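Coordinate-derived values only; no laboratory data. Quantities reported herein were computed from a predicted structural model and do not represent experimental measurements. Here Cβ is always computed from backbone atoms with ideal geometry, including for glycine, and neighbour counts include all displayed protein chains.
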Amino acid sequence: MELLALHRISKDKRYLYLGASLIVVTIAVITAAMIGYMDINAIQVVSIVSQKIGLTNTTNFSTNQAIVLWNYRLPRILMALIIGGGLACAGAVLQGLLRNPLVEPGLIGVSSGAALFAVLFFVLGDQLPNSEALAIYILPIVSFLGAFLVTFLVYQLSKVNGASNIAFLLLAGIAINALCTSLIGLTLYFADDDAIRNFTFWTLGNLSGASWIKVFISLILVLIPSILMVRYSKILDALNIGEEVAKQLGANVDMAKRMLIVLCALVVGCSVAMAGIIGFVGLLVPHLVRILIGNHHSHVLIGSMITGGLALLVADTIGRIIVAPAELPIGIITALVSTPFFLWLLLKSKKQFAF
Amino acid sequence: MLFLYARGSDMLMVGGKDTPADHMIKLAGGTNAANDFNNFKPLSPEAAIEANPDVILVFDSGLRSLNGPEGVLSLPGIAETNAAKNKKVVAMEGHYLLGFGPRVGKAALELAKAIR
């Protein structure tokens, strides 16, 4: 990240990137709405949506096309955008907060903490007097608790003389990650068939359960916290120079840190509850954005939100069509597609720094 | 009619052409709604809506894994079909339905009556 800080980008270029990415997102949304088992063309997509929100009343599409688009594809597209954006944003915040380019919700155990609590909820949930409808609302909260506990624990463990030490943080994170994974394994060992099958969904990530209720919940618990994080971008910028400097600049560092950790845990916990563990988006997207539009956190966070959403949408659409009518878990795609891309970017920026 | 091999809501396979389920549906005088692929494939909501089956056929074990007929008919994709509108789920014991043993005639007759 220190190296990337040298990489300055002009304002014009930055707006160009942001504008271009918004156009690409729009194209990606319409394309994703068109592709699938059932053929729906672009004009039909537009007229179905405008009819559903009460603008027009055209009949150039069939009822089945409207059902598929409105009940299945559209919620899924929105979930991909929201969750991808949230994860990328949380990744960028954690990288800035802990001043470590390697930090990612999946790597330091935040995601597996959320998954552990989700699995516990699944296995023990049978004993609770609950219904499927209630689970939709409780699961995000339970996962948030798991994500929050792990983030807090890792952060506390990494403290050396009051400041978070990067080596300790990574090691503690990896240890907690392993602990959570083994606890999940232990829980599943005593669980029944159904719980185990539910769990495979969690480890690889999957957006196929998308519905409008879930879109609504992730809007509140993922999108809004992500936007709130942007408010702290100045403090994150100051933190990049050093914690002491940030304090001397007058920033309420401790308060900001606590808020950001809670917000990250909320975003990651809810994402895990909605779509399982989706890796790599939180690690790669912020780096990509930094290379493209520079290092200020307000830009990185907003850029990550847009780019992360786009990345997840593309990955999900590929996963949806590549083995149709079956589906490939999204976690496989994000890792498969984004790692070579990231390595290519890395090699490219390496050349720029060579003399 | 659509045959669903279910083991919980995350493990749903549809019987396509040339599967035992396909043959049993034919024997009972029905039409398999999944007629554009061979073998068993995972259920896709979009494909199910497009196929629009009138009846969903499951094993009784599959029915239990989905918590009864309501569970079957509220599955993504199935919920929008004619079968869900008319609440038409037929559940039969696995070996009896698709064992093709001595009881095959009886099973076919029972299925034929159930879908009439």
Study note, to complete from the structure: Computed, not fitted: 222 nm per-residue ellipticity of the protein assembly as shown from DSSP H runs ≥ 4 (each -39500 (n - 2.57)), nearest 500, equal to -20500 deg cm²/dmol
Practice item. Over all alpha-carbon pairs in the stretch A:233-281, figure out the percentage whose distance exceeds 12 Å. Key: 66
**Study point:** Residues with amide H under 5 Å from that of B:Ala33, placed H, sequence gap 5 or more
**Key:** B:Leu2, B:Phe3
Practice item. Treat the stretch A:251-355 as a sphere of radius equal to its Kirkwood radius over Cα pairs and apply Stokes-Einstein at 37 °C in a medium of 0.692 mPa s; give the translational diffusion coefficient in µm²/s, rounded to a whole number. Key: 211
Review point. To the nearest 20 debye, what charge dipole does chain B have about its Cα centre, counting +1 at the Cβ of each Lys and Arg and -1 at the Cβ of each Asp and Glu?
Key: 420
Check your understanding: Measuring from the lowest to the highest alpha carbon on each principal axis, how far does the protein assembly as shown reach, largest first, in angstroms?
Key -> 85, 52, 42
Review point. What does the average come to when, for each residue of peptide A:204-210, you count the partner chain Cβ atoms lying within 10 Å of its Cβ?
Key: 1
Revision key, fill the gap. HN-Hα couplings for the stretch A:334-348 via Karplus (6.51, -1.76, 1.60; θ = phi - 60°), in whole Hz with x for Gly/Pro, come out as 4, 5, 5, 7, 7, 5, x, 4, 5, 4, 4, 4, 5, 5, 5
Review point. Ordered by packing density, taken as the mean number of other Cβ atoms within 10 Å over each peptide's residues, highest first, how do A:10-17, B:33-40, A:32-39 rank?
Key: A:32-39, B:33-40, A:10-17
Review point. If one puts a single equal scatterer on every Cα of the stretch A:142-190 and applies the Debye formula without solvent, what log₁₀ I(q)/I(0) results at q = 0.20, 0.21, 0.25 Å⁻¹?
Key: -0.69, -0.74, -0.90
Review point. Against the longest alpha carbon principal axis of chain B, how many degrees, from 0 to 90 and to the nearest 10, is the axis of helix B:104-115 turned?
Key: 40
Review point. Counting only other chains, what is the mean number of Cβ atoms within 10 angstrom of the Cβ of each residue in peptide B:40-48?
Key: 6
**Study point:** Cβ-based net charge around A:Val281, under 12 Å, with every Lys or Arg adding one and every Asp or Glu removing one
**Key:** -2
Check your understanding: For all pairs of alpha-carbon atoms in chain B, what percent lies in each bin of width 10 Å, listed from the first bin to the last filled one?
Key -> 16, 52, 30, 2
Review point. How well do other chains shield peptide A:236-249, expressed as the mean number of their Cβ atoms within 10 Å of each residue Cβ?
Key: 0
Point to revise | Violating pairs (Cα-Cα greater than 23 angstrom) within the set B:Lys17/B:Lys87; B:Lys87/B:Lys113; A:Lys52/B:Lys41 | key: B:Lys17/B:Lys87; A:Lys52/B:Lys41
Review point. Near B:Asp18, within a Cβ-to-Cβ distance under 13 Å, what is the net charge of the other residues, with Lys and Arg +1 and Asp and Glu -1?
Key: +1
